[in-house]
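Some notes on the structure that comes next.
The values are calculated or read from the model by the stated rules, or taken from the named source; none is laboratory data. Please read these numbers as outputs of a predicted model, since none were measured by experiment. In this analysis, Cβ positions are derived from the backbone assuming ideal geometry, glycine residues included, and neighbour counts consider all displayed protein chains.
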Amino acid sequence: MGRTWRRRKNRGKKSPISKPLDYEGTIVNLKRWMTKCNWYNGTRLKLSYFTNTGRGITCDRNLKIKDTLIEVPYELMITLGSFDVLNEIVTTKGGKLAIHDLLSLFLVIERHRGESSNWKFYLDSLPNELPNLPWLSTSCEIDVLPYSLRETVLNRRKNFELSWKRSKESINSRWKCECCQTVGHRVITLNSFTWAYVMVNTRAVYVDPDIVRELSSSAISKWNDVLSDEPSMALCPFLDMFNHSNNAETSANLVKSEGKWMYKLITLLPSKKHEEIFISYGPHDNIKLLCEYGFFIPHQDLDFIRWKFSDVLDVTKIKLNERQYKFIKKRKLELDESLYIDSSGLSFNLKATLYVILNPFVADWCSCIFGDFSSINLIEMQDLCHKLLKWKAYKLQDELECMQKYESEVSENFKNVLKYQNYILMLVTKFCANFCVK
């Protein structure tokens with residue numbers, strides 16, 4: 001959610017306003033349209049350009065804990081109940097569709113309708129350019145990505161391709177646009193669908209599917225046969241302009257207020273007037289942020305360095321006996337996603353794995369793993385950690401050199417990954433210099 005592909009530097013500092021954007025035509029029209037549809041800007045939210053985050057939200061008063069940031073009428077949200085325009089377009093011949101697919105198709109159709117769309121002023125507020133997402137890189141670019149990142153990127157690419165396949169096959173071949181008589185397959189193209197899919201992926205909010213069903217009773221009979229998952233995604237005008245920070249704490253829910261359903265966003269932290277107001281998209285690490293939203297946040301608490309179990313064995317050059325191997329496997333200590341170092345130290349699984357590797361003849365590993373390690377144990381683990389970090393730095397440098405061979409002729413998506421890889425190398429170097437096992 002939000003415009004998540006702008007520059008993300010100096011996250012810990014305040015966001016100085018470069019210029020107000022509230023008087024831009026698209027924003028004036030958006031607010032005017034929302035006001036006509038019973039939206040009240042009680043917090044006096046304003047859109048501004050911030051020099052370190054780009055477009056974001058502020059207000060001209062101090063905010064206290066549990067203050068309401070924004071309340072958007074349910075009727076202004078794009079949900080399962082908004083899909084009347086898709087009734088004659090979508091069929092089940094290609095199989096069932098996910099709510100993400102339907103929202104994407106809806107955006108494509110409404111954007112094509114232009115001036116005749118009831119959602120024109122919201123659509124005008126959406127960017128034409130896509131964020132620099134790794135999975136939008138070319139196949140050749142993806143092929144030279146580091147294995148761990150490439151796996152994540154390919155999964156995201158596969159999710160998109162499956163969504164496009166389902167959606168394309170669902171289009172009614174007899175349907176023509178009522179405003180221009182263009183056939184469906186020329187309206188819903190790969191380019192238009194890609195734009196819409198990314199808009200939904202980066203901006204949609206979670207909504208309680210039971211409430212959506214209750215409020216969309218007339219649409220349920222139609223879409224129950226089409227929908228493959230819960231109708232738990234929705235698009236929410238203006239609210240999607242808040243930027244993300246892992247330090248933000250907010251609460252968002254559909255609530256009934258004076259007999260009307262509203263999507264209500266509450267801040268759980270105070271903020272000062274004229275400062276940018278952030279929300280949290282969730283406790284996402286930088287790989288998640290990069291692959292889902294197209295940006296990463298340097299020096300955040302969720303940064304980590306991860307290894308595969310095979311990497312740990314290769315670097316330590318210690319051969320496990322059968323008892324060690326069975327112990328590690330039985331307790332699932334070797335799971336790749338659990339072997340990492342972050343700002344708080346070694347993960348439990350990495351510390352336990354290193355201890356077992358270093359102490360093959362200890363009778364009861366559990367007593368130390370779930371108790372206290374001796375000072376000698378900690379020194380030995382620290383030595384191995386430094387070996388792992390130096391190996392990771394060498395590997396990252398090698399991967400970067402391979403990627404940089406293509407730097408002069410690559411997409412902005414790939415260049416964004418290069419920036420991320422350089423940052424990770426810097427992070428590993430920093431860990432090498434300062435890390436201490438506790």
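Here are a few things to note about the model shown:
- All conditions but one from (1) surrounded by 16 or more Cβ atoms within 10 Å (Cβ to Cβ); (2) outside any helix (DSSP H, G or I); (3) touching a residue at least 40 places away in the same chain (Cβ under 8 Å) apply to residue 360; the one that does not is (1).
Yes/no per residue for (1) farther than 23 Å from residue 417 by Cα; (2) of a type in the set (Phe, Trp, Tyr):
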{"residue": "261", "(1), (2)": "yes, yes"}
{"residue": "266", "(1), (2)": "yes, no"}
{"residue": "279", "(1), (2)": "yes, no"}
{"residue": "286", "(1), (2)": "no, no"}
{"residue": "318", "(1), (2)": "yes, no"}
{"residue": "349", "(1), (2)": "yes, no"}
{"residue": "352", "(1), (2)": "yes, no"}
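- Tally of residues being within 22 Å of the chain's Cα centre (by Cα) and in a strand (DSSP E or B) across region 250-287: 13
- Qualifying residue in region 75-93 (condition: more than 22 Å from the chain's Cα centre (by Cα), among the β-branched types (Val, Ile, Thr), under 26 Å from residue 224 (Cα atoms) and outside any loop (DSSP other than H, G, I, E, B)): yes
- Qualifying residue in region 235-250 (condition: aromatic (Phe, Trp, Tyr) and under 24 Å from residue 295 (Cβ atoms)): yes
- In summary, residue 149 fulfils each of the numbered conditions (1) out of contact with any Ser or Thr (no Cβ under 8 Å at 6 or more places or on another chain); (2) modelled with pLDDT of 95 or more with the single exception of condition (2).
- Listed by first and then second residue, the pairs with beta-carbon distance under 8 Å, at least 6 apart or on different chains, first residue in region 197-220 and more than 18 Å from residue 109 (Cα to Cα), second outside any loop (DSSP other than H, G, I, E, B) and of a type in the set (Lys, Arg), are 220/213.
- Residue, surrounded by the most Cβ atoms within 10 Å (Cβ to Cβ), within region 170-215, restricted to residues that are among the small types (Gly, Ala, Ser) and more than 30 Å from the chain's Cα centre (by Cα): 184
- Positions within region 277-289 being buried (at least 20 other Cβ atoms within 10 Å of the Cβ) and either of a type in the set (D, E, K, R) or touching a strand residue (DSSP E or B) at 6+ places or on another chain (Cβ under 6 Å) (or both), in sequence order: 277, 278, 279, 281
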